[in-house]
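Each remark here refers to the structure printed beneath this line.
Values in this text are rule-based calculations from the coordinates and carry no lab data. Treat the numbers as computed from the prediction; the structure is a model and nothing was measured. Here the Cβ positions follow ideal geometry from the backbone for every residue, glycine too, while neighbour counts run over all protein chains shown.
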Amino acid sequence: MVPALEVSKALSRRAPVPEREGVAPRLFSAGFVGTYPPTRCGIATFTASLRRAMALPRSGVVACVDEPGAVRFGPEVVAELVRGSAASLESAAAALESFDVAVVQHEFGIYGGEDGADVVELVGELGVPVVVVLHTMLRSPSPHQREIVEELASAAERVIVQSAAARSRLLETYDVALSRVHVIPHGAPFNVSAQHAGNGSARRPVVLTWGLLGPGKGIEFGIEAVSRLRDLDPPPRYVVHGHTHPRVVENDGEAYRESLLEQVRVLGIGALVEFDAEYVDTESVLAWIRESDVVLLPYRSRDQVVSGVLVEAIASGKPVVATRFPHAVEMLRGGSGILVPHDDPAAIASALRMLLSDPELAARAAAVARAQAPTLAWEQVGRVYRELAHCTLRTRVEQGH
């Protein structure tokens with residue numbers, strides 16, 4: 001197996017792929033499957049970003065939706081895959097067959113059927129080579145969830161995971177051929193600013209958390225931690241950007257956000273904590289990150305092997321304080337942040353105090369993050385996906401398919 005990050009080098013040393021049905025070497029087309037903007041979720045953003053980053057001469061999207069026609073998509077969306085609709089599944093498969101390769105995002109919650117099993121049927125209908133991107137890697141899947149992942153991996157030519165931790169868990173937990181598995185990091189916009197936001201002694205430092213809110217985000221521990229930093233001069237601003245996750249709203253309304261607002265009121269730290277519940281575009285989010293001094297990820301999950309927010313923070317050259325979930329352990333081990341125990345506001349406060357009170361420590365962590373940033377930029381990630389897809393097509397040709 002050629003590791004994913006070496007695919008480009010390997011291809012440059014080998015003969016070009018013969019033309020396949022009139023498609024010139026490296027000039028192939030791809031159909032992407034997943035949720036898609038204006039749907040508001042991380043996979044939708046990922047699908048759109050990956051499509052742009054691969055920069056193919058022709059591409060299209062099969063958008064996963066709950067109801068037909070409920071979302072107004074752009075012209076690149078060639079079909080809708082409606083949850084639970086057999087007819088839309090057939091139409092989606094037919095649309096994907098018009099491309100040279102299909103790039104399928106997998107997360108259990110975005111497809112129809114028990115545990116999203118419809119994705120297995122979709123992939124089974126395809127004659128073109130399939131690259132599956134696994135966004136969720138459960139440590140203890142149900143037998144049915146395990147079966148879905150294993151069937152997808154068996155049907156796909158390539159299986160992409162987004163961290164070494166995800167790769168280890170996939171191979172330990174599921175029966176998947178090692179030769180099909182590649183690690184390609186989650187991409188992010190390269191967002192390193194020329195000047196550190198913390199310059200200027202009178203400016204209040206900004207601690208930032210952002211993303212779709214829900215109980216698993218652990219924001220309550222961040223709030224408690226910031227309440228312990230009131231003695232700093234100047235005191236920090238803890239800014240929490242993001243609206244509540246649509247699934248959380250559907251099940252519990254705004255109970256979690258309201259509990260956080262009440263916590264701030266009880267602690268008497270309204271001057272230290274700011275909430276912004278508005279959904280804004282990517283450029284606004286990137287501007288917020290540039291203005292921050294420390295990114296805080298107080299997540300409660302012990303199992304998270306991929307975090308797009310973590311990648312965005314490092315791709316912006318920002319020091320990070322994060323709980324010890326697997327992806328954070330992997331990404332911060334070089335010194336771009338500080339790891340803390342889960343559900344421990346005292347430890348979070350101590351880590352924030354160190355970074356906010358010691359400019360040299362913060363500068364060293366930021367320098368490590370800036371060095372990591374280019375490897376996470378969407379341009380680089382898209383290039384690796386493009387070369388891997390090209391390699392997949394070449395293999396098909398060599399095998400006579």
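Just to confirm a number: summing +1 for Lys and Arg and -1 for Asp and Glu over residues other than VAL159 whose beta-carbon lies under 10 angstrom from that of VAL159, what do you get?
Local charge sum for VAL159: +2.
With a sphere of radius 11 Å drawn around the Cβ of TRP378, what net charge do the other residues whose Cβ falls strictly inside it have (Lys, Arg +1; Asp, Glu -1)?
For residues surrounding TRP378, the net value is +1.
Over the chain, what is the mean sequence separation of C-alpha contacts under 8 Å (at least six apart), divided by residue count, expressed as relative contact order in percent?
17 percent
Could you size up the charge dipole of the range 256-389 around its Cα centre, putting +1 on the beta carbon of Lys and Arg and -1 on that of Asp and Glu, and report it in debye to the nearest 20?
460 debye
Rounding to the nearest 20 debye, state how big the charge dipole of the chain is about its Cα centre with +1 on each Lys and Arg Cβ and -1 on each Asp and Glu Cβ.
1520 debye
Please name whichever of SER163, LEU310, PRO234 sits farthest to the positive end of the charge dipole of the chain, dipole taken about the Cα centre and charges placed at Cβ: Lys and Arg +1, Asp and Glu -1.
Projecting each Cα onto the dipole axis, the largest value belongs to PRO234.
Between ALA271, ALA153, ALA367, which gets the highest mean-square fluctuation from a Gaussian network model of the chain, Cα cutoff 10 Å?
Looking only at ALA271, ALA153, ALA367, the largest GNM fluctuation is found for ALA271.
Give me Rg over Rh for the chain, both radii from the alpha carbons and Rh done the Kirkwood way, two decimal places.
Looking at the chain, the ratio lands at 0.99.
Check each of the trypsin sites (Lys or Arg not before Pro) in the range 264-303 and keep only those in coil by DSSP with at most 14 other C-beta atoms within 10 angstrom; list them in order.
ARG302
Note down the net charge around LEU260, summing +1 for each Lys or Arg and -1 for each Asp or Glu among other residues with Cβ under 12 Å from its Cβ.
Here the charged neighbours net out to -3.
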